[in-house]
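Asks: I have a structure I would like to understand better, so I am pasting it below and will then ask my questions one at a time.
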Amino acid sequence: EILQIPPMGVIGFHPAILPRNRGRHPLIWALVLGLEATASTFFLMDAFADSGEIVSQVKVEIKYEYDAASLYAKIAKVATIQLKEILAMLETGRLNKERQDSAISNIWRKRTQEDGKIDWRMSSRSIYNLVRALTKPYVGAHFSFLGTDYKVWKCKEYGTEEYPNFEPGKLLNARDGRLIVKCGHGAIEIVEMEPHFSHVEAEYL
(Lines give C-alpha, C1' and ligand atoms only; values in the text may rest on other atoms or scores of the structure.)
Protein backbone atom coordinates (compact mmCIF):
# COMPACT_ATOMS: atom_id res chain seq x y z
CA GLU A 1 0.00 0.00 0.00
CA ILE A 2 2.84 2.39 0.78
CA LEU A 3 4.35 1.90 -2.68
CA GLN A 4 1.05 3.00 -4.23
CA ILE A 5 1.05 6.40 -2.50
CA PRO A 6 3.51 8.29 -4.79
CA PRO A 7 1.75 8.86 -8.13
CA MET A 8 4.82 7.83 -10.16
CA GLY A 9 5.92 5.02 -7.86
CA VAL A 10 9.01 4.52 -5.67
CA ILE A 11 12.46 4.21 -7.20
CA GLY A 12 14.98 1.85 -5.63
CA PHE A 13 18.68 1.25 -6.27
CA HIS A 14 20.73 -1.93 -6.58
CA PRO A 15 24.40 -2.11 -7.68
CA ALA A 16 24.08 -5.20 -9.86
CA ILE A 17 23.14 -6.19 -13.39
CA LEU A 18 19.46 -6.80 -12.76
CA PRO A 19 17.64 -9.10 -13.25
CA ARG A 20 20.79 -11.05 -12.36
CA ASN A 21 22.26 -10.87 -8.87
CA ARG A 22 19.31 -9.67 -6.87
CA GLY A 23 19.54 -9.86 -3.09
CA ARG A 24 22.13 -9.22 -0.41
CA HIS A 25 25.65 -7.75 -0.44
CA PRO A 26 25.90 -7.21 -4.22
CA LEU A 27 29.29 -5.46 -4.23
CA ILE A 28 30.86 -8.03 -1.90
CA TRP A 29 29.60 -11.04 -3.84
CA ALA A 30 30.63 -9.50 -7.18
CA LEU A 31 34.21 -9.15 -5.92
CA VAL A 32 34.29 -12.52 -4.14
CA LEU A 33 33.14 -14.27 -7.32
CA GLY A 34 35.66 -12.41 -9.43
CA LEU A 35 33.05 -10.93 -11.76
CA GLU A 36 34.39 -8.65 -14.46
CA ALA A 37 31.41 -6.27 -14.38
CA THR A 38 28.45 -5.15 -12.33
CA ALA A 39 25.99 -2.29 -12.85
CA SER A 40 24.38 0.71 -11.26
CA THR A 41 20.65 0.03 -11.51
CA PHE A 42 17.60 2.10 -10.56
CA PHE A 43 14.22 0.39 -10.66
CA LEU A 44 10.59 0.86 -9.68
CA MET A 45 10.07 -0.93 -6.39
CA ASP A 46 7.37 -3.59 -6.09
CA ALA A 47 6.42 -6.09 -3.39
CA PHE A 48 9.53 -8.22 -3.96
CA ALA A 49 13.30 -7.64 -3.70
CA ASP A 50 14.97 -5.92 -6.66
CA SER A 51 12.40 -7.21 -9.15
CA GLY A 52 10.63 -4.07 -10.39
CA GLU A 53 10.86 -2.43 -13.81
CA ILE A 54 14.29 -0.97 -14.59
CA VAL A 55 14.37 2.79 -15.21
CA SER A 56 18.15 3.21 -15.60
CA GLN A 57 21.06 0.79 -15.77
CA VAL A 58 24.73 1.49 -16.51
CA LYS A 59 27.30 -1.28 -16.69
CA VAL A 60 30.41 -0.83 -14.51
CA GLU A 61 33.67 -2.67 -15.17
CA ILE A 62 35.32 -4.37 -12.20
CA LYS A 63 39.07 -4.08 -12.67
CA TYR A 64 41.49 -6.53 -11.05
CA GLU A 65 42.88 -3.86 -8.73
CA TYR A 66 39.46 -2.72 -7.45
CA ASP A 67 38.51 -3.46 -3.86
CA ALA A 68 35.31 -2.80 -1.88
CA ALA A 69 36.08 0.88 -1.33
CA SER A 70 37.15 1.72 -4.89
CA LEU A 71 34.27 -0.19 -6.47
CA TYR A 72 31.81 1.56 -4.15
CA ALA A 73 33.26 4.93 -5.16
CA LYS A 74 32.99 4.05 -8.86
CA ILE A 75 29.36 2.97 -8.48
CA ALA A 76 28.51 6.15 -6.55
CA LYS A 77 30.01 8.32 -9.29
CA VAL A 78 28.01 6.56 -11.99
CA ALA A 79 24.81 6.67 -9.92
CA THR A 80 25.13 10.44 -9.44
CA ILE A 81 25.00 10.96 -13.21
CA GLN A 82 22.03 8.60 -13.50
CA LEU A 83 20.12 10.46 -10.81
CA LYS A 84 20.33 13.70 -12.76
CA GLU A 85 18.92 11.93 -15.81
CA ILE A 86 16.14 10.30 -13.77
CA LEU A 87 15.16 13.62 -12.17
CA ALA A 88 14.92 15.16 -15.65
CA MET A 89 12.58 12.34 -16.73
CA LEU A 90 10.45 12.76 -13.60
CA GLU A 91 10.02 16.45 -14.38
CA THR A 92 8.48 15.50 -17.72
CA GLY A 93 6.19 12.99 -16.02
CA ARG A 94 7.61 10.07 -18.02
CA LEU A 95 10.03 7.34 -17.03
CA ASN A 96 11.80 4.76 -19.16
CA LYS A 97 10.65 1.34 -17.98
CA GLU A 98 11.96 -2.10 -18.85
CA ARG A 99 10.39 -5.21 -17.37
CA GLN A 100 12.82 -7.65 -15.78
CA ASP A 101 13.01 -11.26 -16.97
CA SER A 102 12.76 -13.26 -13.74
CA ALA A 103 13.54 -16.46 -15.63
CA ILE A 104 17.22 -15.45 -15.79
CA SER A 105 17.44 -13.95 -12.29
CA ASN A 106 19.25 -15.26 -9.22
CA ILE A 107 19.24 -14.06 -5.63
CA TRP A 108 22.39 -13.62 -3.57
CA ARG A 109 22.08 -14.69 0.07
CA LYS A 110 23.18 -12.84 3.19
CA ARG A 111 26.86 -13.43 3.93
CA THR A 112 27.99 -14.83 7.29
CA GLN A 113 31.21 -14.59 9.29
CA GLU A 114 32.12 -18.04 7.98
CA ASP A 115 32.03 -16.67 4.42
CA GLY A 116 34.92 -14.39 5.33
CA LYS A 117 37.22 -17.16 6.58
CA ILE A 118 40.37 -17.77 4.53
CA ASP A 119 40.91 -21.44 3.69
CA TRP A 120 44.45 -21.90 2.42
CA ARG A 121 43.24 -24.71 0.17
CA MET A 122 41.57 -22.03 -1.94
CA SER A 123 43.45 -20.70 -4.96
CA SER A 124 45.48 -17.52 -4.65
CA ARG A 125 42.95 -15.77 -6.91
CA SER A 126 40.01 -16.82 -4.72
CA ILE A 127 41.77 -15.58 -1.57
CA TYR A 128 42.72 -12.31 -3.28
CA ASN A 129 39.08 -11.81 -4.31
CA LEU A 130 37.83 -12.58 -0.80
CA VAL A 131 40.23 -10.13 0.82
CA ARG A 132 39.51 -7.25 -1.56
CA ALA A 133 35.75 -7.84 -1.20
CA LEU A 134 35.79 -7.61 2.59
CA THR A 135 38.44 -4.95 3.13
CA LYS A 136 37.63 -1.60 4.75
CA PRO A 137 35.01 -0.26 5.19
CA TYR A 138 33.79 -3.86 5.63
CA VAL A 139 34.78 -6.34 8.34
CA GLY A 140 37.82 -7.93 6.67
CA ALA A 141 38.64 -11.50 5.66
CA HIS A 142 40.20 -13.53 8.45
CA PHE A 143 42.12 -16.62 9.48
CA SER A 144 42.91 -18.14 12.86
CA PHE A 145 46.29 -19.29 14.19
CA LEU A 146 47.03 -20.55 17.70
CA GLY A 147 43.78 -19.14 19.03
CA THR A 148 44.20 -15.65 17.53
CA ASP A 149 42.02 -14.25 14.76
CA TYR A 150 43.89 -12.21 12.15
CA LYS A 151 42.21 -9.71 9.84
CA VAL A 152 43.67 -9.46 6.35
CA TRP A 153 43.06 -6.06 4.75
CA LYS A 154 45.26 -6.32 1.68
CA CYS A 155 47.15 -9.07 -0.15
CA LYS A 156 48.57 -9.85 -3.55
CA GLU A 157 49.02 -12.99 -5.60
CA TYR A 158 52.56 -14.28 -5.44
CA GLY A 159 54.25 -16.78 -7.77
CA THR A 160 51.05 -18.38 -9.05
CA GLU A 161 52.93 -21.18 -10.83
CA GLU A 162 55.61 -21.76 -8.18
CA TYR A 163 55.95 -24.26 -5.33
CA PRO A 164 53.92 -27.14 -6.84
CA ASN A 165 55.13 -29.60 -4.18
CA PHE A 166 54.26 -27.52 -1.11
CA GLU A 167 51.04 -28.05 0.82
CA PRO A 168 48.42 -25.32 1.31
CA GLY A 169 49.06 -23.28 4.44
CA LYS A 170 52.83 -23.65 4.38
CA LEU A 171 54.65 -20.45 5.30
CA LEU A 172 57.08 -19.68 2.50
CA ASN A 173 58.29 -16.54 4.25
CA ALA A 174 57.47 -15.02 7.63
CA ARG A 175 60.47 -12.75 8.05
CA ASP A 176 61.51 -9.23 7.04
CA GLY A 177 57.92 -8.04 7.42
CA ARG A 178 56.70 -10.34 4.63
CA LEU A 179 54.17 -13.09 5.16
CA ILE A 180 53.87 -15.40 2.14
CA VAL A 181 51.60 -18.43 2.31
CA LYS A 182 51.17 -21.34 -0.11
CA CYS A 183 47.61 -21.78 -1.34
CA GLY A 184 45.78 -24.59 -3.11
CA HIS A 185 47.08 -23.03 -6.30
CA GLY A 186 49.78 -20.38 -6.16
CA ALA A 187 50.65 -18.32 -3.10
CA ILE A 188 49.51 -15.15 -1.34
CA GLU A 189 51.62 -12.37 0.12
CA ILE A 190 49.77 -10.63 2.95
CA VAL A 191 50.47 -6.91 2.63
CA GLU A 192 48.31 -5.52 5.45
CA MET A 193 46.84 -7.36 8.42
CA GLU A 194 46.12 -7.03 12.14
CA PRO A 195 47.26 -7.85 14.72
CA HIS A 196 50.96 -8.14 13.88
CA PHE A 197 52.00 -11.73 13.07
CA SER A 198 55.00 -12.58 15.26
CA HIS A 199 55.23 -16.36 14.77
CA VAL A 200 58.16 -16.27 12.34
CA GLU A 201 59.22 -19.75 13.45
CA ALA A 202 55.94 -21.35 12.33
CA GLU A 203 55.91 -23.73 9.37
CA TYR A 204 52.18 -23.84 8.64
CA LEU A 205 49.08 -21.71 9.22
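Asks: Please give the number of the condition Ser70 fails out of (1) part of a helix (DSSP H, G or I); (2) in contact with a Phe, Trp or Tyr (Cβ under 9 Å, 6 or more places away or on another chain); (3) under 22 Å from Ile188 (Cβ atoms).
Replies: All conditions pass for Ser70, except number (2).
Asks: Sticking with this structure for a sec: Name the single residue, out of those in the range 175-195 being over 25 Å from the mean Cα position of the chain (by Cα) and over 17 Å from Ser124 (Cβ atoms), that is modelled with the highest pLDDT.
Replies: Of all residues in the range 175-195, those over 25 Å from the mean Cα position of the chain (by Cα) come to 175-178.
If we keep only those that are over 17 Å from Ser124 (Cβ atoms) as well, we get 175-177.
Values: Arg175: 80, Asp176: 77, Gly177: 75.
Filtering first and then ranking leaves Arg175.
Asks: Considering only residues that are over 15 Å from Trp29 (Cβ atoms) and β-branched (Val, Ile, Thr), which ones fall in the range 99-113? Before you say what the answer is, go through the steps one by one.
Replies: First, the residues of the range 99-113 that are over 15 Å from Trp29 (Cβ atoms): 99-104, 113.
Of everything in the range 99-113, just one residue is over 15 Å from Trp29 (Cβ atoms) and β-branched (Val, Ile, Thr), namely Ile104.
Asks: Determine whether the range 127-146 contains at least one residue that is surrounded by fewer than 12 Cβ atoms within 10 Å (Cβ to Cβ) and either more than 22 Å from Asp67 (Cα to Cα) or touching a Ser or Thr at 6+ places or on another chain (Cβ under 7 Å) (or both). Quick ask: steps written out before the conclusion?
Replies: The initial filter retains those residues of the range 127-146 that are surrounded by fewer than 12 Cβ atoms within 10 Å (Cβ to Cβ), namely 137, 144, 146.
Restricting the remaining residues to those that are either more than 22 Å from Asp67 (Cα to Cα) or touching a Ser or Thr at 6+ places or on another chain (Cβ under 7 Å) (or both) gives 144, 146.
Checking the range 127-146: at least one residue is surrounded by fewer than 12 Cβ atoms within 10 Å (Cβ to Cβ) and either more than 22 Å from Asp67 (Cα to Cα) or touching a Ser or Thr at 6+ places or on another chain (Cβ under 7 Å) (or both).
Asks: Quick one: which residue in Ile104, Ile118, Ile75 is exposed (fewer than 11 other Cβ atoms within 10 Å of the Cβ) and in contact (Cβ under 8 Å) with a residue 24 or more places away in the chain? Lay out the reasoning, then the answer.
Replies: Numbers: Ile118 fails: exposed (fewer than 11 other Cβ atoms within 10 Å of the Cβ); Ile75 fails: exposed (fewer than 11 other Cβ atoms within 10 Å of the Cβ).
Of the residues listed, the single one that is exposed (fewer than 11 other Cβ atoms within 10 Å of the Cβ) and in contact (Cβ under 8 Å) with a residue 24 or more places away in the chain is Ile104.
Asks: Inspect the range 97-108 for any residue being closer than 29 Å to Ala73 by Cβ, hydrophobic (A, V, I, L, M, F, W, C) and within 20 Å of the chain's Cα centre (by Cα) and give the result as yes or no.
Replies: Yes, the range 97-108 contains a residue that is closer than 29 Å to Ala73 by Cβ, hydrophobic (A, V, I, L, M, F, W, C) and within 20 Å of the chain's Cα centre (by Cα).
Asks: In the range 17-37, how many are farther than 19 Å from Pro137 by Cβ and either free of Cβ contacts under 8 Å to residues at least 40 places away in the same chain or open to solvent by 70 Å² or more (accessible area, probe 1.4 Å) (or both)? It would help to see each step written out before you state the result.
Replies: Step one: list which residues in the range 17-37 are farther than 19 Å from Pro137 by Cβ, which gives 17-23, 33-37.
Imposing the further condition that a residue be either free of Cβ contacts under 8 Å to residues at least 40 places away in the same chain or open to solvent by 70 Å² or more (accessible area, probe 1.4 Å) (or both) reduces the set to 20, 33, 35-37.
Qualifying residue count, the range 17-37: 5.
Asks: Can you list the strands (runs of 3 or more DSSP E) found entirely within the range 103-195 that contain at least 2 residues being under 29 Å from Ala16 (Cβ atoms)?
Replies: Details: elements: 141-145, 148-158, 171-173, 179-182, 187-194.
Here the list reads 141-145, 148-158, 187-194.
Asks: Then there's this: Could you please let me know if Glu61 is in contact (Cβ under 8 Å) with a residue 24 or more places away in the chain and open to solvent by 100 Å² or more (accessible area, probe 1.4 Å)?
Replies: Numbers: in contact (Cβ under 8 Å) with a residue 24 or more places away in the chain: yes; open to solvent by 100 Å² or more (accessible area, probe 1.4 Å): yes.
Criteria met by Glu61.
Asks: Further question on the same structure: Would you pick out the residues in the range 154-164 that are at negative phi and open to solvent by 30 Å² or more (accessible area, probe 1.4 Å)? Full working, then the answer.
Replies: Of all residues in the range 154-164, those at negative phi come to 154-158, 160-162, 164.
Within the range 154-164, Lys154, Lys156, Glu157, Tyr158, Thr160, Glu161, Glu162, Pro164 qualify.
Asks: Quick one: which of Val78, Val131, Val60 is modelled with pLDDT of 95 or more and under 30 Å from Leu205 (Cβ atoms)?
Replies: Just one listed residue meets the conditions, Val131.
Asks: Here are some residues: Glu53, Glu98. Which one is among the charged types (D, E, K, R) and exposed (fewer than 15 other Cβ atoms within 10 Å of the Cβ)? Give the steps one after another, and end with the answer.
Replies: Numbers: Glu53 fails: exposed (fewer than 15 other Cβ atoms within 10 Å of the Cβ).
Exactly one of Glu53, Glu98 is among the charged types (D, E, K, R) and exposed (fewer than 15 other Cβ atoms within 10 Å of the Cβ), namely Glu98.
The values are calculated or read from the model by the stated rules, or taken from the named source; none is laboratory data. Model, not experiment: these values are computed from the prediction. Here Cβ is always computed from backbone atoms with ideal geometry, including for glycine, and neighbour counts include all displayed protein chains. All accessible areas refer to the heavy atoms of the entire protein, side chains included, with ligands and DNA or RNA removed. Shrake-Rupley method; radii C 1.70, N 1.55, O 1.52, S 1.80 Å.
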